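Chemist: Questions regarding the structure given below will be posed in turn.
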Amino acid sequence: MKTPRVMIIGFGDLATRALPHLSQVAEVMGVSRHPERLSDATPKRIYGDYSSVEGLAEAAKTQPDYLIFTPVPSSRDVTGYSQGYAKAAQNIADAGLLKGVRRAIFVSSTRVYAEKSGGWVEEDSPLAAGDPFVDALLTAEACFRRSVTTTVVRPSGLYDGANPIMLGPILEGHSSRINDGFTNRIHRDDAAAVIAELVKRDIRGERLPATLNLNDDAPVTTRELEKWCFSMLGREPLGERDNQPRANRRVSNAKLRAMGIALRYPSFREGYEGALSLAASS
């Protein structure tokens, strides 16, 4: 059996973290606007710009068995989301990159869910269609699903345990004024490992879900999370900061767990412990 070829378009942080896992079973091809910046461990580096069909011409010369798309918005406004998700997905399809692909993995977001009152959401929960940001994501998901057998993965808040952005205000001594809503997260290492595991399982001929939430085991309110963080630091908050309320939902990872996939960081505690211990000792 020939070695499967996996093409990753938008070769950024998640792709870099998934690379060691994928390289165990496949030849990995990284598509980037700056292929010279990709890790030397990437077997094949290809120029590609998914903002246009023409920008994908070089990548389209290669026929992958699997395609992973990790898009990012070109800007944080509606236009950026439309270009970075909906238009980009259509460009990939129009460039012919999805033809002959055994399975695609499209990285979306739990932002698509409508729940805002603290309830649980699963993969088939109501969606926030009509929100232009969400519509860009859903249009991109639908484009991939029409073109090729696809698993859409929907990560919650991606974070890096070594340098978690949300710890900034806490390390400065500030708690959040609005703190009763639930928050959700998945460590970048875990998200990357799951994406690679999906490819491995498809190679083995196992059945995969059409949609999969990527979240840890512990949705938590901002209040509870900050209380634990300050306790780990051995400090009390110095004051409150004004903050924007987050989407108040609890993302279920029951389907992920039912697949027997273990997380290295099953909660915020494991994910933040290292950074907090370092901060507490400094």
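Chemist: Leaving out ligands and nucleic acids, and using a 1.4 Å probe, what accessible area per residue does the chain come to in Å²? Let's see the in-between values first.
Modeler: Details: 13220 Å² over 282 residues.
Here the per-residue accessible area is 47 Å².
Chemist: Once you've got the Cα coordinates, tell me which of Lys2/Lys61; Lys44/Lys87; Lys116/Lys200; Lys44/Lys255; Lys87/Lys255 are over 28 Å apart.
Modeler: The pairs that break the limit, which is 28 Å between Cα atoms, are Lys116/Lys200; Lys44/Lys255; Lys87/Lys255.
Chemist: At most 12 other Cβ atoms within 10 Å plus a DSSP loop assignment makes a site exposed; report the longest stretch of the chain without any exposed trypsin sites (Lys or Arg not before Pro).
Modeler: 100-176
Chemist: Going by alpha carbons, how many degrees (0 to 90, nearest 10) lie between the helix axis of 222-233 and the longest principal axis of the chain?
Modeler: The helix 222-233 is inclined about 70 degrees to the chain.
Chemist: What residue among Phe106, Leu158, Trp120 has its Cα farthest toward the positive end of the dipole of region 82-237, where the charges are +1 on Lys, Arg and -1 on Asp, Glu, each on the Cβ?
Modeler: In region 82-237, that residue is Phe106.
Chemist: Aspartates and glutamates near Lys99 by alpha-carbon distance under 19 Å, same-chain residues fewer than 8 away left out - which ones?
Modeler: Glu27, Asp49, Glu54, Glu58, Asp65, Glu141, Asp202
Chemist: Can you give me the angle between helix 13-22 and the longest principal axis of the chain, using Cα atoms only, in degrees from 0 to 90, rounded to the nearest 10?
Modeler: 60 degrees
Chemist: Where does helix 268-281 land angle-wise versus the long Cα axis of the chain, in degrees 0 to 90, nearest 10?
Modeler: That helix lies at roughly 60 degrees to the long axis.
Chemist: Also, I was wondering about something else. What figure, in Å² to the nearest 10, do you get for the accessible area of Asp242 with a 1.4 Å probe and non-protein molecules left out?
Modeler: 120 Å²
Chemist: Using the scaling law 2.2 N^0.38 Å as the reference, what is the normalised Cα Rg of region 1-135?
Modeler: 1.13
Chemist: Turning to a different aspect of this structure: Here are a few candidate values for Cα Rg over 2.2 N^0.38 Å: (i) 0.97; (ii) 0.92; (iii) 1.03. Which one was actually calculated from the structure I just gave you?
Modeler: (iii)
Chemist: Among DSSP bridges having both ends in region 122-237, what percentage is antiparallel? Round to the nearest 5.
Modeler: On the way: 2 of 9 bridges.
Just about 20 percent of them are antiparallel.
Chemist: Same structure again: If you roll a 1.4 Å probe over region 127-240 with all protein chains in place, what percent of the accessible area is carbon or sulfur?
Modeler: 50 percent
Chemist: What is the dipole size for the chain, taken about its Cα centre, with +1 at each Lys and Arg Cβ and -1 at each Asp and Glu Cβ, in debye to the nearest 20?
Modeler: Using Cβ point charges on Lys, Arg, Asp and Glu, the chain gives about 680 debye.
Chemist: Once you mark the GluC sites (Glu not before Pro) that are in a DSSP loop and have at most 16 other Cβ atoms within 10 Å, what is the longest gap between them in the chain?
Modeler: 207-282
The values are calculated or read from the model by the stated rules, or taken from the named source; none is laboratory data. As the structure is a prediction and not an experimental result, all values here were calculated from the model. Virtual Cβ from ideal backbone geometry, glycine too; neighbours counted across all protein chains shown. Quick note on the areas: whole protein, heavy atoms, side chains included, nothing else; ligands and nucleic acids left out. Shrake-Rupley method; radii C 1.70, N 1.55, O 1.52, S 1.80 Å.
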